[in-house]
Amino acid sequence: LSDTLNLRSPTTTDWDRKIVALLVQYTGVSDVNVLCAEQFKAKSRSLSAMTPYQLCSGDLKQFKLSGPERPVHVAFAVVETTDAKAMLSRTSELLLEVVAVRTEMSDKGNAPIDAMFLAIVDIVELSTHVLCAGVRERSLAQAAGFDARPISDEVAMLAGGDAKHLVHLAPGQVSRKADFIPPITTAIEGGWKPPSLPPTTT
């Protein structure tokens, strides 16, 4: 239920639905939606206690994608929450930690990270904002079509001056596997390459 966002994620399979139906009978759960809502609330409570660094480095995956001249290394972190407003109000501090985590990964002797993203996924509204810390991230996000919707006045107020670092994905795009990485891969394979400017927060 958690991984499939209560069977609403685009990665949900028929097998997931069958297993939930079987488990409901086996465990005697009277209302799956209530159970899932409690799961989501518990998860959001734990997120509120996490530091910005923990949020940026927790659910983080790295990808090596085939670029026009060389492989492009992308890191993509995801935070799923029922309280997206609270998370978006932390945009400024999250920006600093995205840069810190990206630098940390690049300094570990591996290939430098060309771009790092942090997705804030509203698991109630099935809506996603992606934080783009630098020039490279903004360029790749635009090439991937992440800026499908304008930033609302409410989000702009929550994020303040750092709202310029946010993009708002199309409705229902909530999955790293199905919605975030495929368009990034398509953009890179289609010719996108990192701008010569280094990724920064300015």
Problem set entry | All lysines inside 25 Å of LYS108 as judged from Cα atoms, apart from same-chain residues fewer than 8 positions distant | LYS61, LYS64, LYS193
For this session: Would you compute, from DSSP H runs of 4+ residues alone, the mean residue ellipticity of the chain at 222 nm, taking -39500 (n - 2.57) per run and dividing by the full residue count, rounded to the nearest 500?
Result: -12000 deg cm²/dmol
For this session: Given the peptides 31-40, 71-80, arrange them by the average over their residues of other C-beta atoms within 10 Å, most packed first.
Result: 71-80, 31-40
Exercise. Per residue and in Å³, how big is the convex hull formed by the alpha-carbon atoms of the chain?
Worked result: 126 Å³
Seminar exercise, completed: Output row, site GLU189, 7 Å Cα→C-beta label point, backbone N cut-off 13 Å, window segment 42-74, residues 65-68
For this session: From zero up to wherever the largest Cα-Cα distance of segment 1-105 sits, split into 10 Å bins and tell me the percent of pairs in each.
Result: 12, 32, 29, 20, 6, 0
Exercise. So what J values fall out for segment 49-60 if you push phi through Karplus, 6.51 cos²θ - 1.76 cosθ + 1.60 with θ = phi - 60°, rounded to Hz, Gly and Pro as x?
Worked result: 8, 7, 6, x, 4, 5, 5, 7, 10, x, 8, 10
Seminar exercise, completed: Of LEU22, LEU158, LEU95, the most mobile residue in a GNM of the chain (C-alpha springs, cutoff 10 Å) is LEU22
Problem set entry | Cut-off under 5 Å, modelled amide H: who pairs with ASP59 long-range | VAL78
Seminar exercise, completed: Per the rule of 0.36 nm per residue minus the C-alpha distance, extending LYS43 to ARG70 adds in nm 5.9 nm
Exercise. For LYS43, which aspartates and glutamates qualify as cross-link partners when the Cα separation must be under 14 Å and same-chain residues fewer than eight apart are set aside?
Worked result: ASP3, ASP59, GLU80, ASP83, ASP122
Problem set entry | Bridge type composition, the chain - antiparallel percent by DSSP, nearest 5 | 70 percent
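Where a number appears in this text, it was derived from the coordinates with a stated rule and is not lab data. If you're wondering where the values come from, they're calculated on a predicted model, not measured in any experiment. Neighbour counts are summed over all protein chains in view; Cβ atoms, including those assigned to glycine, are modelled from backbone coordinates with ideal geometry.
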